[in-house]
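Asks: Take this structure first; my questions come after.
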Amino acid sequence: MEELGKIHQLVVTAFGYELRFNLEVISWTWIVIICLLIFGYIAKRNRSIVPGIFQNIGELFIEQFYGLTEDALDKRLARKYAPLICALFMFLLFCNILGIFPHLGEPTSDLNTTLSMGIMGFVIAHYVGIREKGFKAYIKAYFQPIFFMMPLNVIGELSKVISISFRLFGNIMGGDIIVLVVSYLTLSLVLPPFLIGFFFIFIGAIQAFVFTMLTLVYISVQVK
């Protein structure tokens with residue numbers, strides 16, 4: 001059970017402050033990035049009218065998320081932001097299922113990862129809102145429906161980062177704890193393999209989709 005609290009950190013002192021880096025999460029994240037780059041290279045390398053399995057999977061992701069982005073935004077904005085939405089889902093999906101493999105874990109089981117992704121979505125959404133509506137119209141929206149509602153509107157926007165980040169982190173970390181505890185209790189016999197498939201694949205895919213769709217909705221709200 002000591003695995004629950006074991007963290008391998010790199011401590012760097014700069015300007016009198018200690019910066020702590022979780023080496024496991026960093027390495028797992030780079031594994032996901034490398035896998036995605038390899039997948040993209042293979043899917044694109046031998047493109048043909050009759051697609052192979054990797055091209056087929058890549059086209060499926062692109063078509064589905066381009067359609068969802070176009071429905072939430074419009075055709076013009078979909079051409080700009082559909083690649084981002086598709087890449088975000090694929091990154092989170094690979095992160096969530098990485099724990100299937102021995103001695104690896106999910107980067108999304110670390111709050112720093114999910115919080116950084118939430119902040120990224122927040123910044124992108126508000127950047128798009130300012131760019132599409134103009135700064136004056138963007139600021140004016142915070143004073144609706146009555147001017148003294150501005151503080152509550154600001155808090156509401158900031159709470160989206162907390163909500164989306166903790167939802168993903170809580171579900172992935174909770175699944176890890178359940179699988180680990182049950183594995184110790186049953187000596188990794190019948191039930192844990194089922195739990196691993198359920199939490200890492202099924203729940204992981206759902207949570208990646210939910211996080212991606214919420215990010216898309218936040219962008220859509222800012223541009224309309």
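Asks: Which of the residues belonging to the range 53-108 are among the polar types (S, T, N, Q), buried (at least 16 other Cβ atoms within 10 Å of the Cβ) and closer than 14 Å to PHE209 by Cα?
Replies: THR69, ASN96, THR108
Asks: Now, a different point. Residue check: is ARG47 part of a helix (DSSP H, G or I) and surrounded by fewer than 16 Cβ atoms within 10 Å (Cβ to Cβ)?
Replies: Values: part of a helix (DSSP H, G or I): no; surrounded by fewer than 16 Cβ atoms within 10 Å (Cβ to Cβ): yes.
No.
So that you can scan it fast, the table gives a plain yes or no per residue for (1) over 11 Å from the mean Cα position of the chain (by Cα); (2) among the small types (Gly, Ala, Ser); (3) farther than 22 Å from ILE33 by Cβ; (4) part of a helix (DSSP H, G or I):
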site	(1), (2), (3), (4)
GLU63	yes, no, yes, yes
LEU68	yes, no, yes, yes
ASP71	yes, no, yes, yes
LEU77	yes, no, yes, yes
LEU93	no, no, no, yes
GLY99	yes, yes, no, yes
HIS103	yes, no, no, no
THR108	no, no, no, yes
THR113	no, no, no, yes
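Asks: Which residue, of GLU70, GLU59, is over 12 Å from ALA87 (Cα atoms), touching a helix residue (DSSP H, G or I) at 6+ places or on another chain (Cβ under 6 Å) and charged (D, E, K, R)?
Replies: GLU70
Asks: Restricting the first residue to the range 111-129 and requiring it to be more than 13 Å from THR215 (Cβ to Cβ), which pairs with a second residue that is among the polar types (S, T, N, Q) and in a helix (DSSP H, G or I) meet a Cβ separation below 8 Å and a spacing of at least six or different chains?
Replies: Qualifying pairs under 8 Å: LEU111/SER165; THR113/THR29; LEU115/SER165; GLY129/GLN222.
Every residue, every condition in (1) at pLDDT 90 or above; (2) surrounded by 15 or more Cβ atoms within 10 Å (Cβ to Cβ); (3) not in a helix (DSSP H, G or I), yes or no:
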{"residue": "LYS136", "(1), (2), (3)": "no, no, no"}
{"residue": "LYS140", "(1), (2), (3)": "no, no, no"}
{"residue": "PRO145", "(1), (2), (3)": "no, no, yes"}
{"residue": "PHE148", "(1), (2), (3)": "no, no, no"}
{"residue": "PRO151", "(1), (2), (3)": "no, no, no"}
{"residue": "LYS160", "(1), (2), (3)": "no, yes, no"}
{"residue": "GLY170", "(1), (2), (3)": "no, no, no"}
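The values are calculated or read from the model by the stated rules, or taken from the named source; none is laboratory data. As the structure is a prediction and not an experimental result, all values here were calculated from the model. Every residue, glycine among them, receives a Cβ derived from its backbone with ideal geometry; neighbour counts consider all protein chains shown.
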